[in-house]
Amino acid sequence: MVKRENTRRRKRTRKRKVSQSGGFCAPCLMGPLFTAAGLGTTGYMMSSSSSSSNINGKKSVKRNEKYQITKNGKTHKRSFKQINKRVYDGKKMIEYDNIQEANKAYNGLIKKCKAKGFQKC
């Protein structure tokens, strides 16, 4: 009886060299972006913090974002918070059934408010 050693075939992998083809590179766009930002009369500030942990198999999420917009001399401030299944939009706190729904609602709330300029949200 002949003993066979290592009868598995190895898969061959190919390494691809990736280079940019078409489009714009980030450093090329920086100049026009800063110029466009300086011309408008709208000032925009944002600060955010988030933490996520998994304690004893239970996921915990805390997110906080604050926005401040100065538009035509008027300052509008909004803050959004998510603590696990609860989402606070600056006026009221809503509790959802699970964290995934709360994440979706939190992201949608911020997206909607950005689109309206943080005035009617």
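Among the listed pairs K15/K114; K59/K120; K59/K92, those whose Cα-Cα separation exceeds 31 Å are K15/K114; K59/K120. Put a dot 7 Å past the Cα of K116, heading toward its Cβ, do the same for K81, and the two dots end up 2.1 nm apart.
For the range 55-121, the list of trypsin sites (Lys or Arg not before Pro) that fall in a loop by DSSP and count at most 11 other C-beta atoms within 10 angstrom reads K91, K92, K116, K120. If R0 equals 41 Å, the separation of the Cβ atoms of N107 and T7 corresponds to a calculated FRET efficiency of about 0.20. Scattering from the range 42-115 was approximated by placing one identical point on each alpha carbon and applying the Debye formula without solvent; log10 I(q)/I(0) at 0.15, 0.24 1/Å stands at -0.54, -1.09.
Bear in mind that the values in this text are calculations on the coordinates, not laboratory data. The structure displayed is predicted, hence computed values, not measured ones. No Cβ is skipped: glycine too gets one built from the backbone with ideal geometry, and neighbour counts run over all protein chains shown.
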